[in-house]
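So the structure is just underneath, and the comments pick up after that.
Read-outs: derived from the displayed coordinates by stated rules, not from any lab. It should be emphasised that the depicted structure is a prediction, and the values quoted were computed from it without experimental measurement. Reconstructed Cβ throughout: ideal geometry from the backbone, glycine too, with neighbour counts over all protein chains shown.
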2 protein chains.
Amino acid sequence: MARPKRPPGGDRLPTGEDATLERIGRRLEARQGPPPTGELWGGDDAAVVHPGRSDQRLVLTTDAMVAGVHADLSLVGPADFGWKALTTAVSDIAAMGGTPAQALVAVGAPPASALEELADGLGEAANAWACPVVGGDLSEADQLFVAVAVTGTLEGEGPAVLRSGARPGDALFVTGPLGASAAGLRVLTARRDGQRVAGSEDLERAHRRPEARLAEGRTARAAGARAMMDISDGLGLDLHRLARASAVGFVLDEVPVAEGATEAEALGGGEDYELLIAAPDDGRLEEAFASARLRPPLRIGTLTKDRREHRLGSVTLSATGYQHRV
Amino acid sequence: MARPKRPPGGDRLPTGEDATLERIGRRLEARQGPPPTGELWGGDDAAVVHPGRSDQRLVLTTDAMVAGVHADLSLVGPADFGWKALTTAVSDIAAMGGTPAQALVAVGAPPASALEELADGLGEAANAWACPVVGGDLSEADQLFVAVAVTGTLEGEGPAVLRSGARPGDALFVTGPLGASAAGLRVLTARRDGQRVAGSEDLERAHRRPEARLAEGRTARAAGARAMMDISDGLGLDLHRLARASAVGFVLDEVPVAEGATEAEALGGGEDYELLIAAPDDGRLEEAFASARLRPPLRIGTLTKDRREHRLGSVTLSATGYQHRV
């Protein structure tokens, strides 16, 4: 990753960014009050709200992408940067089982930034995910940033799929092999530095143009998935987050590694945006994916009763992944 | 203003930021297509959309605040910064005649930023405007920024009040005297630099804790206002924007200057967040404000047929105000 690496945080979450977010959440709640019944504020991939106290449910999320932190503009172009910024926010809607509706984009940019190319990437992603950019804001800033907020809806009657709904015995799945984005970053960096690297277009693309697993998220929700999140900061960290939110432990049988990636990249690289799914009925999930003609979900392990159990095979898996220094 | 000043842009809009936004809007539309009938994307204070193709209308807006650009952290504290970031976004909902519902906040911050204090200010504004922060994102960045997206609703059946609906002959109002924020910044700067300045608490407060004119916006919409916007970049620039969007000219009879401010601050200072309203029936607007026990709106002029007419009394008023260098 272009992002500075942190030492592994150990098994005790929350640390770093997560801890700061919890502190901030408490400060906010002291002033604005708790969420009303039926709404979810914070602590998951997206919020679930009822605007204007109506019956309609909306899923709301925001993500910011900062040049030099989330992406190295000497490796990915401004159009890729725009694509990634919108796609990572849409991915949070996918992780709730929702359907994106609209995006808002706030850009901070130094003078003479390539804003047209940035807009091209935003527009391509908006088109790909049927999530148009309906409004925006443009400011001067020393460092390019793109903050994307996305609204989404939930089809039918059931609840959104949260991180906190998993139970001991649930099967754990991911929607695809992991580590391709981190491996793509490694390849792009090597190329920039003059090394010759063969046959890696898929990896590069995984880093420059990640995909939001919208059909997979909707299908998992319809098939009774009990917990779900997108893997943005690495399976090694995000699985701890899901297990902590659900108060369960886990035993991973395997880590599916993307072709050309390493196991370390699959566990700690992040930015794959595959979905991590806990399902009580693994056959039902697999059948639903097959019916929807989706790539079969990969079963990677099981959730357990002992919330201190964090195993990959016979070894303990520490919470390893990307956290911001804030 | 703490913001670097631009030379006046002359009478031809769009320039600078406005021109860039129009270019970006065209690039986006080429990729994501035009808005469906009944939706408004871009070009106004907020977008009007129907999430999931439902009947419900939502008003959506985003605004970013960047330290050193929109506010000087040696003059306003982190709590003020948070307040201003949320309030300026809520003000865009007021300018459509809407009611805010939820906010999303993406923060980029250098390590060891005063994030708890920032959250306090966000929470106080969320409480003041009944617009809770329901989700967020936190990133490392070299320069503090806060990007706020807000959802809002529209009461009843009528449309939102756009910038583009004014007609020749409409009376022009503002919801309060102008220039207090810029004067407050002048006072705060003088104090920081060791000068003694007396009796200026109201001005300081106007700069540190601006208010969103929500009741005024709703009342103006209910009373048949034809065009409306919030004055964020100065009357001298924002009035040109409203006139251009409505294809009309204007004759200003007076510029209401806040006590302790100068006329230049009232025209070009910005950040007052009073509403600029075009109403076909001035008596009806004044009566509606009186019935709602709101401060009486101040009549400042009239819109005219000649779209090249931009007058303050007998002199031509150039488009003067804040534009980002992007």
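Some points to look at:
- Potential lengthening between A:Arg167 and A:Asp281 on full extension [0.36 nm per residue; Cα-Cα distance subtracted]: 39.9 nm
- Equivalent ellipsoid dimensions for the protein assembly as shown as semi-axes, Å, which come from the Cα gyration tensor, largest first: 45, 25, 23
- Cα gyration tensor shape for segment B:139-213, rounded if a/c is under 1.5, else prolate or oblate: oblate
- Total charge dipole magnitude, chain A, about the Cα centre, Cβ charges on Lys, Arg, Asp, Glu only, Debye to nearest 20: 840
- √(5λ) per eigenvalue of the Cα gyration tensor, segment A:81-231, largest first, Å: 30, 23, 12
- Gaussian network model of chain B, springs between alpha carbon atoms under 10 Å - residue of B:Ala94, B:Ala182, B:Ala119 with greatest fluctuation: B:Ala119
- Every Cα-Cα pair in segment A:238-288 was counted, and those over 12 Å apart are 74% of them.
- Loop trypsin sites (Lys or Arg not before Pro), segment A:264-326 (other Cβ atoms within 10 Å of the site Cβ: 10 or fewer; DSSP): A:Arg293, A:Arg308
- Between segment A:266-283 and segment B:130-209, the C-alpha centres lie 43 angstrom from each other.
- Take the Cα of A:Asp306, step 7 Å toward its Cβ, do the same at B:Arg23, and the gap between the two points is 6.2 nm.
- Inter-chain shielding of B:117-127 (mean C-beta neighbours from other protein chains, 10 Å cut-off): 4
- Rg and Dmax over the alpha-carbon atoms of chain A stand at 19.0, 58 Å.
- Across the copies of the chain, B:Asp142 has label points (7 Å from Cα along Cα→Cβ) spaced 0.6 nm apart, shortest distance listed first.
- Local charge for A:Tyr273 was computed over the other residues whose Cβ lies under 9 Å away, with Lys and Arg +1 and Asp and Glu -1, and equals -4.
- For chain B, the residue among B:Val251, B:Val174, B:Ala103 whose Cα projects farthest onto the positive side of the dipole built from Cβ charges is B:Val251.
- GNM flexibility winner over chain B from B:Leu267, B:Leu118, B:Leu178 (Cα, springs under 10 Å): B:Leu118
- Our note on the geometry: Cα centres of segment A:79-117 and segment B:106-125, 22 Å apart.
- Within a Gaussian network of chain B (alpha carbon springs, distance under 10 Å), most fluctuating of B:Ala198, B:Ala278, B:Ala227: B:Ala198
- Between A:Asp253 and B:Ala247, the modelled label-to-label distance comes to 6.7 nm, taking each label 7 Å out from Cα in the direction of the beta carbon.
- Nearest-20 debye value, segment B:38-153 charge dipole, Cβ charges on Lys, Arg, Asp, Glu: 340
- With N as its number of residues, segment B:186-271 has a Cα radius of gyration that, divided by 2.2 N^0.38 Å, comes to 1.32.
- Estimated from the Cβ-Cβ distance and a Förster radius of 25 angstrom, the FRET efficiency linking A:Asp55 and B:Glu39 is about 0.75.
- Using alpha carbons only, the radius of gyration of segment A:48-153 set against its Kirkwood radius gives Rg/Rh = 1.01.
- Taking amide H as placed 1.01 Å from N in the peptide plane, the amide H of A:Ala101 sits under 5 Å from that of A:Thr151, A:Gly152, A:Thr153, each at least 5 places away or on another chain.
- Shape class of segment B:225-326 from the alpha-carbon gyration tensor: oblate, with a/c at 1.5 or above and b/c at least as large as a/b.
- Computed helical MRE - 222 nm, the protein assembly as shown, DSSP H runs ≥ 4 contributing -39500 (n - 2.57), nearest 500: -10000 deg cm²/dmol
- Averaged over A:37-44, number of beta-carbon atoms from partner chains that fall within 10 Å: 2
- Inter-copy separations for A:Arg23, label at 7 Å along Cα-Cβ, nm, ascending: 4.2
- Sparse-neighbour loop sites [GluC sites (Glu not before Pro); segment A:248-295; at most 15 other C-beta within 10 Å; DSSP]: A:Glu254, A:Glu259
- Position A:Gln195, label points 7 Å along Cα→Cβ, spacing to each other copy in nm (shortest first, one decimal): 5.9
- For segment A:48-153, share of DSSP beta bridges that run antiparallel, in % to the nearest 5: 70
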